[in-house]
Amino acid sequence: MLVRIFHGTLDVSAHGNSAYVDARRYLCRDSVERSIFAKLEHAPHHIHLRLNARHDDSYDPNRQTIHWDPYSALRTTSGGRQSPALGLGHEADHATVASMIREADIVRRIPTYDNFEERRVILGSERHTARTLHEAIRHDHRGSSYHVETPTGR
């Protein structure tokens, strides 16, 4: 039986809770991320955080589930590095925006970012947080994943 830990309306597996707590603590040094995590943990519905080891950071709005690999960092197309924690923050932003906005922006295609929703997150909360935490800034929705030892590693 899988034991779940609840952070308000967000549920995390017991075995992945420490990775979530470490990433949250790190990200919440940024004011924008503090606001996103407040929304994530006090949403009008339950949101699920599912950890994996497949370099899969994504948000499934149909299942209200964030998929996150806490040991998968990102090398940007310009050669910079982003922590797995920043990947969680990126997906949390997708999960906490109003579904009407997210759905409208997903269908609007845009070169280099895939769609307006990805562009909104990358140029908005992700960029703000990356600057605060001295991580690389992305200029597109591309990059390559690699393994690190901790959720905050680069």
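The values are calculated or read from the model by the stated rules, or taken from the named source; none is laboratory data. Quick caveat: nothing in here was measured; it's all calculated off a predicted structure. Note that we place each Cβ from the backbone using ideal geometry, even for glycine, and neighbour counts take in every protein chain shown.
Taking the range 10-24, which residues are over 16 Å from the mean Cα position of the chain (by Cα) and surrounded by 16 or more Cβ atoms within 10 Å (Cβ to Cβ)?
Ser13
Are any of the residues in the range 69-89 aromatic (Phe, Trp, Tyr) and either farther than 21 Å from Ser145 by Cβ or within 12 Å of the chain's Cα centre (by Cα) (or both)? Walk me through how you get there before you give the answer.
Of the residues in the range 69-89, the ones aromatic (Phe, Trp, Tyr) are 71.
Adding the requirement that they be either farther than 21 Å from Ser145 by Cβ or within 12 Å of the chain's Cα centre (by Cα) (or both) leaves none.
Looking through the range 69-89, none of the residues is aromatic (Phe, Trp, Tyr) and either farther than 21 Å from Ser145 by Cβ or within 12 Å of the chain's Cα centre (by Cα) (or both).
Answer with yes or no whether Ser78 is of a type in the set (Ser, Thr, Tyr), touching a residue at least 12 places away in the same chain (Cβ under 8 Å) and surrounded by 15 or more Cβ atoms within 10 Å (Cβ to Cβ). Give the derivation first.
Working: of a type in the set (Ser, Thr, Tyr): yes; touching a residue at least 12 places away in the same chain (Cβ under 8 Å): yes; surrounded by 15 or more Cβ atoms within 10 Å (Cβ to Cβ): no.
For Ser78, the condition - of a type in the set (Ser, Thr, Tyr), touching a residue at least 12 places away in the same chain (Cβ under 8 Å) and surrounded by 15 or more Cβ atoms within 10 Å (Cβ to Cβ) - is not met.
Under 6 Å between Cβ atoms, which residue pairs at least 6 apart in sequence (or on different chains) link something in the range 119-132 that is closer than 15 Å to Gly143 by Cα with a partner that is crowded, with 18+ Cβ neighbours inside 10 Å and among the hydroxyl-bearing types (Ser, Thr, Tyr)?
Close Cβ pairs satisfying both conditions: Arg119/Tyr113.
How do the helices (runs of 4 or more DSSP H) wholly within the range 83-154 filter down when requiring 2 or more residues that are modelled with pLDDT of 95 or more and under 19 Å from Tyr20 (Cα atoms): which remain?
Qualifying helices (runs of 4 or more DSSP H): 84-96, 127-133.
For the range 25-35, indicate whether the set of residues that are among the charged types (D, E, K, R) and crowded, with 21+ Cβ neighbours inside 10 Å is non-empty.
yes
Anything in the range 63-82 that is in a strand (DSSP E or B) and within 19 Å of Asn17 (Cβ to Cβ)? List them, or say none.
Selection gives Thr65, Ile66, His67, Trp68, Ser72.
Of a type in the set (Phe, Trp, Tyr) and surrounded by fewer than 16 Cβ atoms within 10 Å (Cβ to Cβ) - does that describe any residue in the range 113-127?
no
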